[in-house]
Amino acid sequence: QMFADKYAFEDIIRVMRNTFAMSFLGILTSPLPMIFAIFLAELKCMPFRKVVQTLTTVPNFISWVLVYSVAYAMFSVNDGMINRLLVGLGLVEEGINFLASSDHVWLTMWLWGTWKGLGWNAIMYIAALAGIDQEQYEAAEVDGASRLQKIWYITVPGLLPTFFVLLLMSIANLINNGMEQYFVFQNAMNKEYIEVLDLYVYNQGMTGYNYSFATAISMLKSIISVTLLFIANGMSR
């Protein structure tokens, strides 16, 4: 049915496009946690560093339902803080329906995901920073290296092995980008661009009661995941 039914095949192409687009956005910006960890390590004021690390890690433990509640409080048409501000300043005549817009859905979903996971994803790099030999920094300082040169020639090379391991894992899980985030943000206006493969399986199986079709799509997803895993393993070798 996936390939014989024209409309089903078009739906599969659409959700695969959304899935790969959002996953590739994540892969293209995968250095962000490493960069954040480096700048966090360069903060000399320990109390301030701990506050920043805590505030950026806490969102990871907030459910996507609560994140959507925050988004609704900020961007809803009538009561949203942003729309009230825009109308109050006279920049717009009426509120803009940000949450129901299909414009830039991939980008907004990436922004919400980055805000939620940046601090948590940086923890791996913070742990890797502790494993870099401090004598290298001392030797570089004796040789007159600047702060930026020590970051570029010592810190970054020391973190690259961790970065590439996480990158290969991300490539292997390219189509496993979950459904919770997209489920709470989806609506009739943005469904065409926000529906990823996992959410499509849920909508077909649990909402559409088409269990056999949803199972077949899950099997297709497994085949693609295994293929990507072999490709990522070949790249690592």
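The values are calculated or read from the model by the stated rules, or taken from the named source; none is laboratory data. Predicted model only: the values in this text are computed from it and were never measured. All Cβ positions, glycine included, derive from the backbone under ideal geometry; neighbour counts span all protein chains shown. Just so you know, the surface numbers come from the protein's heavy atoms only, side chains and all, with ligands and any DNA or RNA stripped out. Shrake-Rupley method; radii C 1.70, N 1.55, O 1.52, S 1.80 Å.
How tilted is helix 211-236 with respect to the longest principal axis of the chain? Cα atoms for both, answer in degrees (0 to 90, nearest 10). Approximately 20 degrees, to the nearest 10. Rolling a 1.4 Å probe across the protein heavy atoms gives the chain an accessible surface of 61 Å² per residue. Placing +1 on each Lys and Arg Cβ and -1 on each Asp and Glu Cβ, with no other charges, gives the range 66-201 a dipole about its Cα centre of roughly 100 debye. Against the chain, whose longest principal axis comes from its Cα atoms, helix 6-28 is set at around 10 degrees. Within a straight-line Cα-Cα reach of under 14 Å, LYS150 can be paired with the following aspartates and glutamates, leaving aside sequence neighbours fewer than 8 residues apart in one chain: GLU42, ASP133, GLU135, GLU138, GLU141.
In the context of the full protein assembly, ILE231 retains an accessible surface of approximately 90 Å², using a probe radius of 1.4 Å and ignoring ligands and nucleic acids.
Partner aspartates and glutamates whose Cα lies under 18 Å from the Cα of LYS191, excluding those fewer than 8 positions away in the same chain, are identified as GLU10, ASP11, ASP103, GLU180. Remark: the Cα gyration tensor places the range 139-237 in the oblate category, a/c being 1.5 or greater and a/b not exceeding b/c. Using only side-chain charges placed at the Cβ, +1 for Lys and Arg and -1 for Asp and Glu, the dipole size of the range 1-95 relative to its Cα centre rounds to 480 debye. Helical content of the chain, expressed as a calculated mean residue ellipticity at 222 nm, amounts to -21000 deg cm²/dmol (DSSP H runs of 4 or more residues, -39,500 (n - 2.57) each, divided by residue number, nearest 500). Any chance you could give the angle, 0 to 90 degrees and rounded to 10, that helix 156-172 forms with the longest Cα principal axis of the chain? Long axis of 156-172 versus the principal axis of the chain: about 20 degrees. Cross-link partners of LYS50 among lysines, defined as those whose alpha carbon lies under 22 angstrom from its own and excluding same-chain residues fewer than eight positions apart: LYS116. In the range 23-169, the portion of solvent-accessible area held by carbon and sulfur atoms comes to 69 percent [1.4 Å probe, whole percent, DNA, RNA and ligands not counted].
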